[in-house]
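Nothing in this text is a laboratory measurement; each read-out follows from the coordinates by a stated rule. Only a predicted model underlies this, so the values are computations on that prediction, with no experimental measurement involved. Here the Cβ positions follow ideal geometry from the backbone for every residue, glycine too, while neighbour counts run over all protein chains shown.
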Amino acid sequence: MCMKTKILKKTDIVLIAGFLAFAAAFYFIFDMIPQNGGTVVIRCDGKVYEEAPIGKTQNVEIYSADGRLANIVAVQNKKAFMAYADCPDGLCVKHSPIGPNGGGIIVCLPNRVSVEVKSKGNPGFDTVIGRR
């Protein structure tokens, strides 16, 4: 006596399709919500060199003390990245773009330049652990 059993029933397929539709709707709804704006904070020698809005497309040129062009920070599509650096290794140029949601910092050690994106309402920490 061999019985053939179905692996998936109609209710299983409907349940899986409903779950996938819900997940897709959830993804697209949160993708369309505008992200918090923020600013790109560029520091040179630990001091704020310039603050630029994350929503505006622009290039910020950073000059060294002797007047040469040291770095160019590009802000595009709500992300910031190092477009140019005259340092010998160029690791900062190879760094992936940073944005308000992903966070991160780009650092050019030879030129002592750092780029950080600060979100609106971001208190500067991810989690608070402590007693109430």
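A simple rule links phi to the HN-Hα coupling: the Karplus curve 6.51 cos²θ - 1.76 cosθ + 1.60 with θ = phi - 60°, which for region 85-95 gives 8, 8, 6, x, 8, x, 5, 5, 6, 7, 5 Hz, with x for Gly and Pro. As a proxy for reagent exposure, 11, 39 were ordered by neighbouring Cβ count within 10 angstrom, fewest first; the result is 11, 39.
Database remark: amide H of residue 50 closer than 5 angstrom to the amide H of 42 (H placed geometrically; neighbours at sequence offset of 5 or more, or on other chains; Pro and chain starts carry no H). Annotation: the residues 16, 42, sorted from fewest to most other C-beta atoms within 10 Å of their own C-beta, follow the order 16, 42. In sequence order, region 7-24 has phi-based couplings of 6, 10, 8, 4, 5, 5, 5, 5, 5, 5, 5, x, 5, 5, 5, 5, 5, 5 Hz under the Karplus curve 6.51 cos²θ - 1.76 cosθ + 1.60, θ = phi - 60°, and Gly or Pro positions carry x.
Among 10, 94, the ranking by other beta carbons within 10 Å of each residue's beta carbon, starting with the fewest, stands as 10, 94.
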